[in-house]
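The structure appears right after this line, and notes come after that.
The values are calculated or read from the model by the stated rules, or taken from the named source; none is laboratory data. Nothing here was measured: the structure is a model prediction, and the numbers come from that model. Cβ atoms come from the backbone with ideal geometry, glycine included; neighbour counts cover every protein chain shown. Surface accessibility is based on the protein's heavy atoms, side chains included, excluding ligands, DNA and RNA. Shrake-Rupley method; radii C 1.70, N 1.55, O 1.52, S 1.80 Å.
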Amino acid sequence: MSKRRVVFVSAFHDYRTAKRASIHPIARALAQSGYDVTFLSTRFSRLSRSKGDSRLFLWDRANRYETVDGIRCYLWRTAFHPFATGSRIGDTLMGTLFPLYAELPNRDVDAMFAEADYVVVEATVAAILLRRIRRLNPTARIIYYATDRLDTVGAHPYVRRRLEKDGALVHHISLRSSVMAEDFGWAGDRLTRIGFGIDPSDFADTGVQPYAPGTRNAVSVGAMLFDEQFFRIAAPAFPDVTFHVIGCGRTFDAPANVVLHDEMPFRDTLPWLRHATIGLAPYHRAAGVEYLAESSLKLAQYEYLGLPAACPDFAAGDVASRFGYVNDDATSITGAVSRALAAAGTIAPRAFPGWDGIGERLLHPERYPDTALGAGSMAS
């Protein structure tokens, strides 16, 4: 039998970047388990140069296939791409460009859509391609993978309007958090939920201890909703702790005991996580962020490693190893960090399913009762 073909469509990620999200290990796990996997990265143009896009190193490798880990990778570079301007007038003008962008010609993109058995559309701007996908392929199972809320990541209003209009084209919506269900009132009984996976082989050999013996170290990884003010408050309050910030996507005026690291490949971050005293998830507050209590990949990885974590109260949920604080409140922040440090070495690591099981739940939720909303969570 020929392999079943899966196309992942993302408006932010490329499979080859150091920056990782859950869509990356799911794609790899499905490829390893026998699917023919293609990873399409969109919303990339000359405008990306001014945004410090993490995919810029692929500029000269765009618009052609490369195979990595058995996955066909394709970065679609266009003359322009629309975006949210942050202003009412600007967004109104920009809204006229989204339909044009969604129909820009590309034979490779059209072919991958036409040949797919499954098309997984990651949340946000990629949703504007739903009509194109269905026109080219009337039978493929189109899955909307809701990793983030549109309002939280600042998506242009056009994206939500187009998603709701085209929602009937989607076979099912896979939520990372049950909190997101209220955003999909139009979806009826097509809502499902999957959690996180962990590939134990990723963590089997996490390399050499990067910290000096006898030191205490707090680590943060990633750039989403990054709150630099947290470090301006927490770091001076704990001068004997070194705060490591990996891949936040910016530089800022940080206290002396804050060390800024460039973005690293996922595996290179693991020694910093494995040997840290505590983990940090310094999210700033934004619209609808409560879903992060169930959907934060970094917090799940801290749990797997048995790291206590300090995070905003909206991301703490009911997980005992997370110590919540109120953003910008110095007393609250120092209290959360202090409690996390006190809990270091006492947290039992948490078990998670493998990414191959998560991938199958993404494609075939009807086979897994635990994907039903209200069912016991596989991973929060």
Those residues of the range 181-205 which are at pLDDT 90 or above and either farther than 21 Å from HIS24 by Cβ or open to solvent by 30 Å² or more (accessible area, probe 1.4 Å) (or both), in sequence order: ALA181, GLU182, ASP183, PHE184, GLY185, TRP186, ALA187, GLY188, ASP189, ARG190, LEU191
Residues satisfying the stated conditions in the range 142-172, i.e. farther than 15 Å from ALA84 by Cα, in a helix (DSSP H, G or I) and open to solvent by less than 60 Å² (accessible area, probe 1.4 Å): LEU163, GLY167, LEU169
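Let's see how each residue does on (1) more than 26 Å from TYR118 (Cα to Cα); (2) touching a residue at least 24 places away in the same chain (Cβ under 8 Å); (3) in contact with a helix residue (DSSP H, G or I) (Cβ under 6 Å, 6 or more places away or on another chain):
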position: PHE8; (1), (2), (3): no, yes, yes
position: ALA18; (1), (2), (3): no, yes, no
position: SER54; (1), (2), (3): yes, yes, no
position: ASP60; (1), (2), (3): yes, no, no
position: GLU66; (1), (2), (3): no, yes, no
position: CYS73; (1), (2), (3): no, yes, no
position: LEU93; (1), (2), (3): yes, no, no
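Being open to solvent by 10 Å² or more (accessible area, probe 1.4 Å) and in contact (Cβ under 8 Å) with a residue 12 or more places away in the chain is the requirement here; does VAL289 meet it?
On the way: open to solvent by 10 Å² or more (accessible area, probe 1.4 Å): no; in contact (Cβ under 8 Å) with a residue 12 or more places away in the chain: yes.
No.
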Filter pass, GLU182 being of a type in the set (Asp, Glu) and under 14 Å from ALA123 (Cα atoms): no
Where TYR283 falls short, out of the listed (1) under 23 Å from THR215 (Cβ atoms); (2) open to solvent by less than 50 Å² (accessible area, probe 1.4 Å); (3) modelled with pLDDT of 95 or more: (1)
The one condition in (1) over 30 Å from ALA181 (Cβ atoms); (2) open to solvent by 40 Å² or more (accessible area, probe 1.4 Å); (3) touching a residue at least 60 places away in the same chain (Cβ under 8 Å); (4) in a loop (DSSP other than H, G, I, E, B) that ARG267 fails to fulfil: (4)
Candidate set from the range 47-81 (those that are charged (D, E, K, R) and not in a strand (DSSP E or B)); member that is surrounded by the most Cβ atoms within 10 Å (Cβ to Cβ): ARG55
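Report yes if ALA102 is surrounded by 17 or more Cβ atoms within 10 Å (Cβ to Cβ) and of a type in the set (Gly, Ala, Ser), otherwise no.
Working: surrounded by 17 or more Cβ atoms within 10 Å (Cβ to Cβ): yes; of a type in the set (Gly, Ala, Ser): yes.
Yes; evaluated as a whole, the condition is true for this residue.
Step by step: first the residues of the range 112-132, then only those that are in a helix (DSSP H, G or I) and under 24 Å from GLY154 (Cα atoms), then the one that is most open to solvent (accessible area, probe 1.4 Å). Which residue is that?
Pass one, the range 112-132, residues in a helix (DSSP H, G or I): 112-115, 125-132.
Checking which are under 24 Å from GLY154 (Cα atoms) leaves us with 125-132.
On the way: VAL125: 16, ALA126: 1, ALA127: 0, ILE128: 2, LEU129: 3, LEU130: 0, ARG131: 99, ARG132: 6 Å².
Among those that are in a helix (DSSP H, G or I) and under 24 Å from GLY154 (Cα atoms), it is ARG131.
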Residue match in the range 36-46 (condition: more than 21 Å from ILE133 (Cβ to Cβ) and surrounded by 12 or more Cβ atoms within 10 Å (Cβ to Cβ)): yes
The range 210-226: number of residues that are outside any strand (DSSP E or B), more than 11 Å from THR277 (Cβ to Cβ) and either in contact with a Gly (Cβ under 8 Å, 6 or more places away or on another chain) or open to solvent by less than 40 Å² (accessible area, probe 1.4 Å) (or both): 3
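Among the residues that make up the range 319-329, is at least one of them part of a helix (DSSP H, G or I) and either without any contact (Cβ under 8 Å) to a residue 40 or more places away in the chain or surrounded by 16 or more Cβ atoms within 10 Å (Cβ to Cβ) (or both)?
So the first thing to find is which residues in the range 319-329 are part of a helix (DSSP H, G or I), and the list is none.
For the range 319-329, residues part of a helix (DSSP H, G or I) and either without any contact (Cβ under 8 Å) to a residue 40 or more places away in the chain or surrounded by 16 or more Cβ atoms within 10 Å (Cβ to Cβ) (or both): absent.
Of all residues being part of a helix (DSSP H, G or I) and closer than 15 Å to ASP227 by Cα in the range 270-297, which is farthest from the chain's Cα centre (by Cα)? Just the residue, please.
Let us first name the residues in the range 270-297 that are part of a helix (DSSP H, G or I), namely 270-274, 289-295, 297.
Going one step further and asking which of them are closer than 15 Å to ASP227 by Cα, we end up with 289, 292.
Numbers: VAL289: 14, LEU292: 11 Å.
The residue in question is VAL289.
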Residues being part of a strand (DSSP E or B) and either under 9 Å from VAL258 (Cβ atoms) or aromatic (Phe, Trp, Tyr) (or both) - total across the range 227-245: 4
